[in-house]
Amino acid sequence: MKVLRICSFIIVIALVGCTSKTEPQGLSGYALGTNYNITYFDTKVNPDLLPAIDSVFYVLNKSMSTYIKNSDISKINRGDDQVVVDHHFKTVFNAAKSVYAATNGFFDPTVGNLVNAYGFGPEEGLAILTAFDRDRLLTLTGFEKVTLNAEGRLDKSNPNIYLDFNAIGKGYAVDVLSSMMENRFGYTNTLVEIGGEIQAKGKHILKNSPWTVAIDAPNEYVAGRDLLRTLSLENQALATSGNYRKYRIDEKGNKYVHTINPLDGTASPAKVLSASVIAVDCMTADAYATALMSMPISKIEKLSLDGIEYMLVLSGDDGAYDIQRSLGFPSLKLP
């Protein structure tokens with residue numbers, strides 16, 4: 001599963017040449033281990049936004065960050081069964097359960113022990129991960145082993161099960177911020193992006209057109225961004241997951257990527273270099289993008305994806321890319 005400390009795979013096309021009194025205003029910063037950018041339209045910068053945004057990140061970190069030792073999820077991972085989780089945790093937990101079932105276990109937040117063992121989590125990784133280690137940690141994997149009771153407490157079949165919502169939490173944070181921009185501040189045309197996960201509400205009102213975003217080419221050798229394609233979004237969310245920059249090579253020269261197959265515990269490079277998913281909400285797109293990275297292509301093609309579209313970038317011959325996408329994925333344009 002991917003972790004929060006990842007590179008962005010999507011960038012927002014620059015906004016230029018505005019002459020209207022209502023202009024695109026931008027906010028940016030660093031949170032959840034990555035960068036965030038928010039674009040909205042107003043006559044001037046709204047000074048109330050930044051404190052509100054910071055408060056959202058504070059609450060979500062306190063609830064679900066595995067990098068904060070006193071967060072609710074960290075306490076739960078240490079075996080504390082008396083933690084009563086908040087509504088954010090419940091929302092993410094229930095959504096994760098749905099994706100877990102829909103993907104036949106290829107999306108699984110209980111993969112956290114393996115994430116740590118491979119060196120992609122907050123805990124110290126193993127120098128060499130043996131088959132014995134992998135099989136042992138697989139006994140602590142399986143989302144069916146964790147339930148959320150009516151009181152808001154988690155029941156784990158084994159206290160050592162380690163939950164990791166990093167592959168869905170960032171998308172959820174995008175949704176929370178996007179909702180806040182609209183429902184609290186009244187901005188209905190916004191673009192919210194955190195580390196490459198994006199929610200496009202309304203449209204670019206000065207251009208009277210959908211928002212234009214770009215997907216990076218999965219090139220690990222480019223220091224900056226190498227654009228692959230652009231596409232238009234309106235009232236949609238887009239998330240991309242990839243393994244081409246987040247990987248680790250152990251002492252024996254074995255290469256491990258950060259997307260871990262929760263069914264067999266492996267983290268080997270695959271033909272799929274990146275997966276982009278479009279859904280109504282970014283939380284769902286985020287989770288499915290992770291799941292598609294760990295699934296065989298033959299299983300992806302058999303998935304029943306209601307309201308979800310995807311694009312896979314596959315490794316081709318001589319370093320070229322092959323693109324495979326669902327029928328409803330938007331038309332792509334060269335950047």
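Laid out as a table, the results:
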read-out: Complete set of residues in the stretch 51-79 that are touching a residue at least 60 places away in the same chain (Cβ under 8 Å) and aromatic (Phe, Trp, Tyr); value: PHE57, TYR67
read-out: Filter pass, LEU60 being crowded, with 16+ Cβ neighbours inside 10 Å, over 19 Å from ILE168 (Cα atoms) and of a type outside the set (Ser, Thr, Tyr); value: no
read-out: The lone exception for VAL84 - which of (1) closer than 25 Å to VAL174 by Cα; (2) not in a loop (DSSP other than H, G, I, E, B) it fails; value: (2)
read-out: Qualifying residue in the stretch 143-166 (condition: surrounded by 18 or more Cβ atoms within 10 Å (Cβ to Cβ), at pLDDT below 95 and within 23 Å of TYR67 (Cα to Cα)); value: yes
read-out: Any hit, the stretch 22-30, residues being of a type in the set (A, V, I, L, M), within 23 Å of GLU197 (Cβ to Cβ) and in contact (Cβ under 8 Å) with a residue 40 or more places away in the chain; value: no
read-out: Only listed residue being outside any helix (DSSP H, G or I), at pLDDT 95 or above and either among the β-branched types (Val, Ile, Thr) or touching a strand residue (DSSP E or B) at 6+ places or on another chain (Cβ under 7 Å) (or both), chosen from PHE93, PHE107, PHE41, PHE57; value: PHE41
read-out: Matching residues, the stretch 171-200, being over 21 Å from PRO51 (Cβ atoms) and free of Cβ contacts under 8 Å to residues at least 40 places away in the same chain; value: THR188, ALA200
read-out: Pair list, Cβ under 9 Å, 6 or more apart: the stretch 95-106 residue crowded, with 18+ Cβ neighbours inside 10 Å, other residue of a type in the set (Lys, Arg); value: THR103/LYS299; PHE106/LYS299
read-out: Unmet requirement for GLU309, which otherwise passes all of (1) surrounded by 14 or more Cβ atoms within 10 Å (Cβ to Cβ); (2) touching a residue at least 40 places away in the same chain (Cβ under 8 Å); value: (2)
read-out: Residue in the stretch 289-301 that is within 24 Å of ASN166 (Cβ to Cβ), at pLDDT below 85 and assigned to a loop (DSSP other than H, G, I, E, B) present; value: no
read-out: Residue among TYR244, TYR256 that alone is under 18 Å from GLY196 (Cβ atoms), over 15 Å from the mean Cα position of the chain (by Cα), modelled with pLDDT under 90 and surrounded by fewer than 24 Cβ atoms within 10 Å (Cβ to Cβ); value: TYR244
read-out: Selected residue [within 17 Å of the chain's Cα centre (by Cα), modelled with pLDDT of 95 or more and surrounded by 22 or more Cβ atoms within 10 Å (Cβ to Cβ)] from VAL115, VAL176, VAL192; value: VAL192
read-out: Subset of the stretch 265-288 that is outside any strand (DSSP E or B) and either out of contact with any helix residue (DSSP H, G or I) (no Cβ under 7 Å at 6 or more places or on another chain) or modelled with pLDDT under 90 (or both) - its residue that is nearest to ILE194 (Cα to Cα); value: VAL280
read-out: Test: SER157 is closer than 26 Å to VAL56 by Cβ and of a type in the set (Ser, Thr, Tyr); value: no
read-out: Qualifying residues in the stretch 305-335 (those that are of a type in the set (Phe, Trp, Tyr) and in a strand (DSSP E or B)) - the one farthest from the chain's Cα centre (by Cα); value: TYR321
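The values are calculated or read from the model by the stated rules, or taken from the named source; none is laboratory data. Not measured: the values here are computed from a predicted model. Methodologically, a virtual Cβ is constructed for each residue, glycine included, from the backbone with ideal geometry; neighbour enumeration extends over all protein chains shown.
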